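Undergrad: Starting off with a structure, shown below.
The values are calculated or read from the model by the stated rules, or taken from the named source; none is laboratory data. Because the structure is a prediction, the values reported are computed rather than measured. Using ideal geometry, Cβ is built from the backbone for each residue, glycine included, and neighbour counts are taken over all protein chains shown.
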Amino acid sequence: MKPRVCLTVSRFVQRAPTGCILFTLVELLVVMAIMAILAGLLLPALGRAREKARSISCVANLKNIGIGLTVYQTDGDDYVVPSYNMRGTNPGASLALDGWSPILDRDGVIPGKRENTGSVFVCPALVDVEGMAGGQTGTDPNKPKGWMDWPNIRATDGTSNTPTTIPERGFNRVLRNGYWINADNPIGAVSAVVNGVYYTGSVGYGPGSNGECIRLTRASIFTSPSRVIALADGVYAGRQRDVRLGTANCRIGYRHPGGVGTANVVFADGHVEGIAGDKFPRGTGGSATLTELQADNCGPATVFADPGKTLGH
C-alpha cells in the first residue's frame, strides 16, 4: 500500500493518520520555490534547443534544395534554374510569373506544398506572414522571415502578388516558398541588362534600356561556386543592395540565432553555411561604396557570379 501525503501547518503534530508522510506548509513552499527556480533555468535552455533544432532542419532543407539545383543544371545542359520566367519589364495580369520552386516541382526535381510545414521549400522557423503582401517587405522585421506563394500575378503597380496556377505551362498547383533566390530581378523598371551578374535572373525580362534581355545563366560562369550565394532564408528575389538586417525592404530573413541573427544560405556548389545579419554581402545600387562592396564580396560569400569582373578587384 502506497503512503499518503498529508499536509499540516504545525510542526507539533502529536499523531498522524496511519500511512501518512507529514509535510509542513513551509516545507511545501520551499519545494515549490525550488521547482520554480529549476523551471526558470530549464525553459531558456529548452527554447535554445528548439531554435537549434529548427536551424538544423533548415540546413537540411537547403542541402536538399542544393542537390536539386545541381540535378536541374545537369539535366539542363548546365543552365541554372531561373528565378522565374517573364516577358517585358512588368508583366501584370497578362502573364503570371512561374518561380524557381514551381519549376523544380513541375520538372520532378523537388516536390512542394502550399503549407507552412512539411515542405523542403519552407524553413521550420518561418513566420506566418505574407512577406511581399504590399509589394515590398518595408520595415516590418517579420516580413522577410515570412513566405510567398508561387506562381503568382504581380500587380503592375507592384503592390500585390496574387497566387495562381498556369495549367498551359504545366504549373497545376500553388506552392509556398520561404527562401530568397540570388537573382537579377529588375521587374517593374527599365534598366540596362548585364547578363551573368548574379546566381540567376528573371529570364525574359526586357528589353532593358540597352536593348538586352535577361537570359538563362550557365553555372560554368561562376568563378568560385563555393562562394556564390544561391538561396537564403527569406522571400522573393533580388534587391541585393538591401540585404543587411534592419535595412528597409530587406528580403533576407534572419530566422536563426547567432549574434545579431543568422540566415542559412546554400551556395552554388551545394554546401550550406549561416551568415550573420551584419555580414551578408551586398550588391550594387545602394549606398555602399565600391570599397565596401569589394570588402563584402571578397570573403567566404559573394552575391556575384564573378565578383572580380563586376567589382574590379
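Let's see how each residue does on (1) in contact with a Pro (Cβ under 8 Å, 6 or more places away or on another chain); (2) among the aromatic types (Phe, Trp, Tyr); (3) closer than 14 Å to residue 175 by Cα:
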| position | (1), (2), (3) |
| --- | --- |
| 113 | no, no, yes |
| 123 | no, no, yes |
| 130 | no, no, yes |
| 133 | no, no, no |
| 150 | yes, yes, yes |
| 154 | yes, no, no |
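Undergrad: Among the residues of segment 264-274, which ones are surrounded by fewer than 23 Cβ atoms within 10 Å (Cβ to Cβ) and under 19 Å from residue 123 (Cα atoms)? Full working, then the answer.
TA: As a first pass, look at segment 264-274 and keep what is surrounded by fewer than 23 Cβ atoms within 10 Å (Cβ to Cβ): 269-274.
Answer for segment 264-274, where residues must be surrounded by fewer than 23 Cβ atoms within 10 Å (Cβ to Cβ) and under 19 Å from residue 123 (Cα atoms): 270, 271, 272, 273, 274.
Undergrad: Right, another one. With the requirement that a residue be under 21 Å from the mean Cα position of the chain (by Cα) and surrounded by fewer than 24 Cβ atoms within 10 Å (Cβ to Cβ), what does segment 178-191 give you?
TA: 185, 186, 187 - these are the residues of segment 178-191 that are under 21 Å from the mean Cα position of the chain (by Cα) and surrounded by fewer than 24 Cβ atoms within 10 Å (Cβ to Cβ).
Undergrad: Moving to a separate point now. So which residues in segment 57-94 are over 15 Å from residue 183 (Cβ atoms), in contact (Cβ under 8 Å) with a residue 12 or more places away in the chain and of a type in the set (A, V, I, L, M, F, W, C), if there are any at all?
TA: 58, 59, 62, 67, 71, 93
Undergrad: Name the pairs: first residue in segment 100-116 and of a type in the set (Phe, Trp, Tyr), second residue modelled with pLDDT of 95 or more and surrounded by 22 or more Cβ atoms within 10 Å (Cβ to Cβ), Cβ to Cβ under 7 Å, at least 6 apart or on different chains?
TA: That search, which allows pairs on different chains as well, returns 100/81; 100/82; 100/83; 100/84; 100/181.
Residues are listed down the side, and each one gets a yes or a no for (1) out of contact with any Gly (no Cβ under 9 Å at 6 or more places or on another chain); (2) among the charged types (D, E, K, R); (3) closer than 29 Å to residue 50 by Cα:
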{"residue": "72", "(1), (2), (3)": "yes, no, no"}
{"residue": "85", "(1), (2), (3)": "no, no, no"}
{"residue": "96", "(1), (2), (3)": "yes, no, no"}
{"residue": "120", "(1), (2), (3)": "no, no, yes"}
{"residue": "147", "(1), (2), (3)": "no, no, yes"}
{"residue": "156", "(1), (2), (3)": "no, no, no"}
{"residue": "173", "(1), (2), (3)": "no, yes, no"}
{"residue": "180", "(1), (2), (3)": "no, no, yes"}
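Undergrad: Using the structure shown, decide if residue 167 is surrounded by fewer than 21 Cβ atoms within 10 Å (Cβ to Cβ) and either modelled with pLDDT under 95 or over 13 Å from the mean Cα position of the chain (by Cα) (or both).
TA: Here the answer is yes, as residue 167 does meet what is asked.
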